[in-house]
Amino acid sequence: MLDPLTIIRALREMATLLEVAGQEPFRARAYARGAEALEGLDLDLGRLVEERRLTGLSGIGPGLAAMISELYRTGRSEALEEQRRRVPPLALALHGLPRLGLAKIAALQDALGVETIEDLEAACEAGRVRAVKGMGEKTERLILEHIRRRREPEARRVLLPEALAAAQTMRAHLRGATGAQEVEVAGDLRRWAESVDSLSLVVASDSQVDTMNDARRAPLLGDVTAPDPTGLAGRLATGLPVSVSIVPRHAYATALLRATGSAAHVQRLERLARERGVPLEAESEAEIYRRLGLSFIPPELREGEVEVEAAMAGALPTDLVTEADIRGFVHCHTVYSDGRHTVAQMAQAADALGMEYLTITDHSTSAAYAGGLSVDRLKAQWDEIARVQETVTVRLLRGTESDILADGALDYPDTILERLDVIIASIHRRHSMDASQMTQRLVRAMELPVFKIWGHALGRRILSRPPVECRVEEVLDAVAASRAAVEINGDPKRLDLAPRWLRAARERGIRFVVSTDAHAVAELVNLRYGVAMARRGWIGRDEVLNTLPADAFARAVAPVTRA
């Protein structure tokens, strides 16, 4: 009989194999959901198998239940083994590289005799891949870059949603452990870093051995490498490293403080404690900061030394924006372009969440790849927005995510832009311009007389695409001098602008909008990530335009001044 953790790994492997094969993506997602269901299971798996009650679990249908039962009883799965035979190891190693499916990988193997990632790397370096039919020099370069990027530390990082989900599951398990009194997530994740390479949790317990014994049974844990009464180190079934510190209640605040702040932040506090002759200990984090003569520094700000100096000078923001401050969802897509829900569905969801307003900002004409709207379709959407408005309380604002074209122009004529309620101006194409060209393009766009929100400003994709090259401070100067605001994009794959540039924008008096960039109802939750980035950028409530009531927000972002 296989243990639950091995079965979870098998389900995740099946999901990955199906994804790599490029067939029936919904099936790959079904296996991933099945793994998630087992990770959160607090019932006896063997009993569920024997009583044939697996399909009673959310996300597990008859087919998945049959595979789990087969794995549990026999230790193997015929379906998994068949999929392993269909997907060569080389395809797994190249997973995630665009336009390189199984057929092209098979062609590479046939033409070059490569079997391993090292073989393929050597073939790329020798210029042999470009000679294979259907490949070319560009594909060869992309493959080589992909192989080398996999070896970098960044390749082992995960985005916020995945990290948060795993951390909350671990936290829930630890809160139920014998003797556990308090449990908190620490490390990069508590500071809301854009991505993390490990999880860290701190537990207060006066029964450390008992707590440790229960902690080792966490369903997400794949293996434990260093358990002792004060904690453990190990990996989740997904491979993500995790550490759990278990400390007596009186040491909890200090342990949490040390486990949360960056090394530079903690070292600065230690120097300050020595200088002032006070221990870095107290009943709470707030009390530790108070004893050091500092105002409380929120976790999101604990990145270096500058926040400590600001707290010493009384210059730390005291009104950082919160989710509760946000009164409207900004930057939302619908089925008119590349969204997955209708105007009505998005509006009803915003209504249910108690928001005062919602901007409908689908893509503009040039974004053909995303179903960009022609002027006629845009006007048809205006009519639909008017109809839906009669059925909901939330105020609907009609807008666009207008492409910033290569010359800095926006992607609709002025006569159309002036009739909108809100314009988000974004770059979606030609990311590879050099710094001077990109700077000129963005400055021209910001200088246009209409009010616009600079959307996902530098076009980065966390862990997959770097920011565009430009002289950011020069563009921010143009924003400050123009009728514009900066978006803090909440899409966890974007989170753009980065916090250091948000602080630079804030110093220039620039206003902000915290957006969701939601393409579906479920993505309205992206607001939490946008707020986290705003807080990391030291941005206060009054600096965010969508903390305003509906009428005031509409006036603030109107493309043209209206009487």
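Read-outs: derived from the displayed coordinates by stated rules, not from any lab. Please read these numbers as outputs of a predicted model, since none were measured by experiment. As a convention, Cβ positions derive from the backbone with ideal geometry for all residues, glycine included, and neighbour counts pool all protein chains shown.
DSSP bridge analysis restricted to the chain gives an antiparallel fraction near 40%, rounded to the nearest 5.
3J(HN,Hα) along the range 478-486, derived from phi through the Karplus expression 6.51 cos²θ - 1.76 cosθ + 1.60 where θ = phi - 60°, amounts to 5, 4, 4, 8, 10, 8, 7, 9, 10 Hz, with x in place of Gly and Pro. The charge dipole of the chain, taken about the Cα centre with unit charges on the Cβ atoms of Lys, Arg (+1) and Asp, Glu (-1), comes to about 560 debye, rounded to the nearest 20. By the rule of a C-alpha distance below 18 Å, with chain neighbours fewer than 8 residues away ignored, the aspartates and glutamates paired with Lys104 are Glu19, Glu115, Glu118, Asp119, Glu121, Glu137, Glu140, Glu145. When you restrict to C-alpha pairs under 8 Å that are six or more residues apart and normalise by the size of the range 90-151, the relative contact order lands at 31 percent.
For the range 198-258, applying the loop criterion from DSSP together with a ceiling of 16 other beta carbons within 10 Å to the trypsin sites (Lys or Arg not before Pro) yields Arg216, Arg217.
For the pair Leu353 and Arg541, a Förster radius of 22 Å applied to the C-beta separation gives a FRET efficiency near 0.70, rounded to the nearest 0.05.
Placing pseudo-labels 7 Å out from each Cα toward the beta carbon at Asp477 and Ala66 gives an inter-label distance of 6.8 nm.
Evaluating 6.51 cos²θ - 1.76 cosθ + 1.60 at θ = phi - 60° for every residue in the range 368-385, the Karplus couplings come out as 4, 4, 10, x, x, 7, 5, 4, 5, 5, 4, 5, 5, 5, 4, 4, 5, 4 Hz, glycine and proline recorded as x. Placing +1 on each Lys and Arg Cβ and -1 on each Asp and Glu Cβ, with no other charges, gives the range 432-515 a dipole about its Cα centre of roughly 240 debye.
Rounded, prolate or oblate for the range 243-287? Axes are the square roots of the Cα gyration tensor eigenvalues, ordered a ≥ b ≥ c, and the cut-off for rounded is a/c under 1.5. Oblate is the answer for the range 243-287, as a/c is 1.5 or above yet b/c matches or exceeds a/b. Only one residue of Ala35, Leu221, Thr391 has its Cα farthest out toward the positive end of the dipole of the chain, where Lys and Arg carry +1 and Asp and Glu -1 on Cβ, and that residue is Ala35. Put simply, when 530-542, 123-135, 443-455 are sorted by average Cβ atoms within 10 angstrom per residue, most first, you get 530-542, 443-455, 123-135.
Each helix, a run of at least 4 DSSP H residues, gives -39500 (n - 2.57); summed and divided by the residues of the chain, these come to -12500 deg cm²/dmol at 222 nm. Computed from Cα atoms alone, the Kirkwood hydrodynamic radius reported for the range 427-535 is 14.0 Å. Over 29 Å between C-alpha atoms is what I'm after, so list which of Lys133/Lys493; Lys452/Lys493; Lys379/Lys452 land there. Check vs 29 Å cut-off fails for Lys133/Lys493. Quarter the surface of the alpha carbon convex hull of the chain and you get the mean projected area, 29.8 square nanometres.
Once the dipole of the range 261-312 is set up with Lys and Arg at +1 and Asp and Glu at -1 on Cβ about the Cα centre, which of His265, Val278, Ala311 lies farthest towards its positive end? Projecting each Cα onto the dipole axis, the largest value belongs to Val278. Applying the Karplus relation 6.51 cos²θ - 1.76 cosθ + 1.60 with θ = phi - 60° to the range 229-237 yields 3J(HN,Hα) values of x, 9, x, 8, 10, x, 9, 6, 4 Hz, where x marks Gly and Pro. In this structure, the amide hydrogen of Arg465, modeled 1.01 Å from its nitrogen in the peptide plane, lies closer than 5 angstrom to no residue at least 5 positions away or on a different chain. When all alpha carbon pairs of the range 261-312 are counted in 5 Å bins from zero, the resulting P(r) reads 4, 23, 35, 29, 8, 0 %.
A simple spin-label model places the labels of Thr116 and Ala409 5.6 nm from each other, with each point 7 Å out along Cα-to-Cβ.
Evaluated over the Cα positions of the range 191-251, the convex hull gives a direction-averaged projected area, one quarter of its surface, of 4.5 nm². The protection proxy used here, the mean number of other Cβ atoms lying within 10 Å of each residue, ranks peptides 312-325, 104-117 as follows, highest first: 104-117, 312-325. Treating each Cα of the range 4-87 as an identical point scatterer and summing with the Debye formula, the log10 of I(q)/I(0) at q = 0.18, 0.20 Å⁻¹ comes to -0.69, -0.85. Put simply, the amide H of Trp454, placed in the peptide plane, has neighbours under 5 Å in Ala425, Ala485, Val486, Glu487, leaving out anything fewer than 5 places away on its chain. With the convex hull drawn over the C-alpha atoms of the range 365-491, the volume per residue is 121 Å³.
Residue separation of Ala251 and Arg444 scaled by 0.36 nm, minus their Cα-Cα distance, works out to 63.9 nm of gained length. When restricted to Cα atoms, the range 323-557 yields an Rg and a Dmax of 16.2, 48 Å, respectively.
Here the Kirkwood formula, the inverse mean of 1/r across different C-alpha pairs, assigns the range 90-151 a hydrodynamic radius of 11.2 Å. Less than 5 angstrom separates the built amide H of Val514 from those of Ile488, Leu545, Asn546, all sequence-distant by 5 or more or on a different chain.
For the range 138-233, the ratio of Cα radius of gyration to the globular rule of thumb 2.2 N^0.38 Å stands at 1.36.
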